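Please read the structure below before turning to the comments.
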Amino acid sequence: MLALLTILERGRVLAAKNFDVIVVGTGAGGSTAMKILCEAGLQVCAVNSGPRTDPAKDYRQHRQVYDLKFRGYGDPLRLQGKAHQEPYSVEESEYSEGRDLFEHDVAYSNAPGTDWYWKRCKATGGKANFWGRSSARFGDIDFKAADLDGFGENWPVDYREISPWFSRAERYMGVASTIQNRPSNPDGEYLPAFPFRCIDYIIQKGGEKIGVPYLPDRCAQLTVAHNRHPACHYCGNCSRGCDVGSFFSPTWFTIPDAEATKNLTLLTNALVRAVLVDESGTANGIAYVDRTSRREVEVHAKVVVLAASCVETAHIMLNSKSRHWPAGIANSSGELGKNLCDHLYGNPGYGYLPQLLGQPPRPDNIADSTIAWMPRWQNLKNPREEKFIRGYSVYMGGGCGGFPGYFGQLEGFGSKFKRDIKRYYPATIGGLVQAPSLPSPTNYVDIDPEKKDIFGIPQLRFQFRWGENELLMWEHSKQVMIDLFKAIGGELWGADGEPNRPGTSLHETGVCRFGNDPKKYVTNKWAQTHDVPNLYICDASIFPSCTDKTTTMPIIAFTMRTCDYMLDNFKSGVHKRA
């Protein structure tokens, strides 16, 4: 019904209706919350910043770059007149630029000395439509890291407590891997792993020589049909959106499940400005700006869930000021926006395997990310074996991809250059380090005191620099690549001179940390804000620290746990139905 109403009529209908729950954001956490709460019978209003994702219009549909007008690079004038004109690497491309899926209308600020790269997808499903699919479990080596090395704070949960929700997430999503018995990434419930290729066996043998594991990743990509979704058919461009739903994404999984209940109202092109409160300071809804009309609309509910993505959730909360919450809603601790963490990304070594030169090309690029990795092997026996504490992981890429990304590493011109491209095609390999930054009070987000976006909302400002610990990991990984190439008989062309810009990984955490002490943490162990009991958070902002693993599957698992707790509160009368 709402889709048929005019903008003004929609505003009047929403103002008159009171939902059980409002969920802000439809990515990994938000869409999972929608599914669970709708299936439990609650009336849910989901609010999404941008348009509805339509795979038939927005995804690759097996086109090659030479089928596209700008050969995959996109219209060079497409961002003309936009507030934020920097294109986003990897996820945003000519395949998905046509319907304005990515956020370029809303600008952000970087403090002096900060170069944060905030990549945002505003369409339904968010970044989880285009993610790398690595889905390892966190373990007590992460949750209790402070006990091991003396730095920072422990998480308010342990592995035994969260493990059932990891299993539930894996069973729903479908995660392909093997049992590996490693303390850095506990084993789970898996589909058959992706097969290793020739280059994988070569890397694995070389890793054994230098004491570095090389194992199947925990990959949320279907090797067999699972939960009514087809197995992957290996077209190899996953990070631009799957045409058939063969890896977990909200567009193919959680959003349709929520809609099937008939308990979901989904609002699109609705940019949330603030959480609203009643006379007691309790959350009672949200205010959003309709992107089309630029009118502000209010929606009301008994419970509000923020899952707008890590730093956007903090942005909304910091802008939710009232006489009750002058520094932002649920911020009596003063910790909202603090301790921003990220994964340091970069290529610590790239080159080729001479033994594979000139081999005939094979369609062995199973996915456009990797299906194997080097899970953390540092500081496992002793938390201070290395010059740095904790540890990192490495993803190795190579094989016959859809595009020879090594073209910039070869010299030449004309026919000789073309021959070299073909000659090296099956032989090139390279790494990607995933090194977690440590929590620091000097890394945070706040509200820019002077700048507003085109909708009149005060901009988010970043303050972030890499710390010594993660930079030591970066240097360590480059030496590991030197040793690995020597062990496998490879030729090392080089390594990145500097790590990627902060924000590149899309794995930021920490700005709404959960913990037991309301003076030090924004939420309790259930992701329920200490100050406002009917305000919950379901994204990576609650994670107190980074690990060497990615965040998407843990976001889903912790969201499942939070929603179970919330439903118990509805049943017991702590939260009232609308």
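Within segment 24-35, residues that are within 15 Å of residue 310 (Cα to Cα) sit with their Cβ atoms under 7 Å from residues that are part of a loop (DSSP other than H, G, I, E, B) and β-branched (Val, Ile, Thr), at 6+ positions apart or across chains, in these pairs: 26/124. Condition test on residue 110, is it at pLDDT 95 or above, surrounded by fewer than 22 Cβ atoms within 10 Å (Cβ to Cβ), touching a strand residue (DSSP E or B) at 6+ places or on another chain (Cβ under 6 Å) and closer than 25 Å to residue 344 by Cα? Judged against the criteria, residue 110 is a match. Evaluating residue 415 against the criteria (1) surrounded by fewer than 22 Cβ atoms within 10 Å (Cβ to Cβ); (2) polar (S, T, N, Q); (3) in a strand (DSSP E or B) leaves one unmet condition, (3).
Has segment 19-40 got any residue that is part of a loop (DSSP other than H, G, I, E, B), more than 23 Å from the chain's Cα centre (by Cα) and either at pLDDT below 80 or in the same structural domain as residue 310 (by TED's automatic domain parsing) (or both)? Yes, segment 19-40 has at least one match.
Output the number of residues of segment 206-256 satisfying the condition of being charged (D, E, K, R), out of contact with any helix residue (DSSP H, G or I) (no Cβ under 8 Å at 6 or more places or on another chain) and either over 29 Å from residue 48 (Cβ atoms) or part of a helix (DSSP H, G or I) (or both).
Number of matching residues: 3.
So, in segment 418-440, exactly how many residues are at pLDDT 95 or above and either in a loop (DSSP other than H, G, I, E, B) or open to solvent by 30 Å² or more (accessible area, probe 1.4 Å) (or both)? Number of matching residues: 5.
Being touching a Gly at 6+ places or on another chain (Cβ under 6 Å), surrounded by 21 or more Cβ atoms within 10 Å (Cβ to Cβ) and not assigned by TED's automatic domain parsing to the domain that holds residue 395 narrows it down to one of 59, 117, so name that one. Step through it out loud before you land on a result.
Working: 117 fails: surrounded by 21 or more Cβ atoms within 10 Å (Cβ to Cβ).
Residue meeting the stated conditions: 59.
Of all residues in segment 373-394, those satisfying the criterion of being of a type outside the set (D, E, K, R) and open to solvent by 20 Å² or more (accessible area, probe 1.4 Å) are 377, 380, 382, 383. For segment 346-359, a tally of residues being open to solvent by 30 Å² or more (accessible area, probe 1.4 Å) and either among the β-branched types (Val, Ile, Thr) or in contact with a Leu (Cβ under 8 Å, 6 or more places away or on another chain) (or both) returns 2. Just a yes or no: is a residue in segment 326-345 surrounded by fewer than 24 Cβ atoms within 10 Å (Cβ to Cβ) and closer than 30 Å to residue 236 by Cα? Yes: one or more hits.
Per-residue answers, yes or no, for (1) of a type in the set (Lys, Arg); (2) touching a helix residue (DSSP H, G or I) at 6+ places or on another chain (Cβ under 9 Å); (3) within 21 Å of residue 549 (Cα to Cα); (4) assigned by TED's automatic domain parsing to the domain that holds residue 520:
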{"site": "324", "(1), (2), (3), (4)": "no, no, no, yes"}
{"site": "327", "(1), (2), (3), (4)": "no, yes, no, yes"}
{"site": "331", "(1), (2), (3), (4)": "no, yes, no, yes"}
{"site": "348", "(1), (2), (3), (4)": "no, yes, yes, no"}
{"site": "351", "(1), (2), (3), (4)": "no, yes, no, no"}
{"site": "354", "(1), (2), (3), (4)": "no, no, no, no"}
{"site": "357", "(1), (2), (3), (4)": "no, yes, no, no"}
{"site": "360", "(1), (2), (3), (4)": "no, no, no, no"}
{"site": "364", "(1), (2), (3), (4)": "no, yes, no, no"}
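Just wondering, is there one or more residues in segment 232-243 that are of a type in the set (Gly, Ala, Ser) and at pLDDT 95 or above? Give the derivation first.
Of segment 232-243, the ones of a type in the set (Gly, Ala, Ser) are 236, 239, 241.
Restricting the remaining residues to those that are at pLDDT 95 or above gives none.
Scanning segment 232-243 turns up no residue that is of a type in the set (Gly, Ala, Ser) and at pLDDT 95 or above.
Residue 177 falls short on exactly one of the conditions (1) surrounded by fewer than 23 Cβ atoms within 10 Å (Cβ to Cβ); (2) under 30 Å from residue 428 (Cβ atoms), and that condition is (1).
Do you know which residues across segment 279-306 are open to solvent by less than 10 Å² (accessible area, probe 1.4 Å) and not in a strand (DSSP E or B)? Correct list: 281 only. Summed over segment 441-477, the residues that are more than 23 Å from residue 333 (Cβ to Cβ), open to solvent by 40 Å² or more (accessible area, probe 1.4 Å) and of a type in the set (D, E, K, R) give a count of 6. Filtering segment 360-372 for residues that are open to solvent by 10 Å² or more (accessible area, probe 1.4 Å), part of a loop (DSSP other than H, G, I, E, B) and within 30 Å of residue 563 (Cα to Cα) leaves an empty set.
Scanning segment 191-243 for residues that are of a type in the set (Phe, Trp, Tyr) and surrounded by 16 or more Cβ atoms within 10 Å (Cβ to Cβ) yields 194, 196, 214.
Out of everything in segment 478-522 that is free of Cβ contacts under 8 Å to residues at least 40 places away in the same chain and either over 28 Å from residue 336 (Cβ atoms) or β-branched (Val, Ile, Thr) (or both), what residue ends up being least open to solvent (accessible area, probe 1.4 Å)?
Here is the first cut: in segment 478-522, the residues free of Cβ contacts under 8 Å to residues at least 40 places away in the same chain are 479, 486, 497, 517.
Subset that is either over 28 Å from residue 336 (Cβ atoms) or β-branched (Val, Ile, Thr) (or both): 479, 486, 497.
Numbers: 479: 92, 486: 175, 497: 61 Å².
Checking each candidate, the answer is 497.
Residue check: residue 312 meets all listed conditions (1) surrounded by fewer than 24 Cβ atoms within 10 Å (Cβ to Cβ); (2) charged (D, E, K, R); (3) under 26 Å from residue 115 (Cα atoms) but one, namely (1).
Considering the conditions (1) closer than 21 Å to residue 27 by Cβ; (2) open to solvent by 20 Å² or more (accessible area, probe 1.4 Å); (3) of a type outside the set (A, V, I, L, M, F, W, C); (4) in contact (Cβ under 8 Å) with a residue 12 or more places away in the chain, residue 250 is excluded by exactly one of them, (2).
The values are calculated or read from the model by the stated rules, or taken from the named source; none is laboratory data. In this text the structure is predicted, and so the values were computed from the model without any measurement. Note that we place each Cβ from the backbone using ideal geometry, even for glycine, and neighbour counts take in every protein chain shown. Remember, those area values only see protein heavy atoms, side chains included, never the ligands or the DNA or RNA. Shrake-Rupley method; radii C 1.70, N 1.55, O 1.52, S 1.80 Å.
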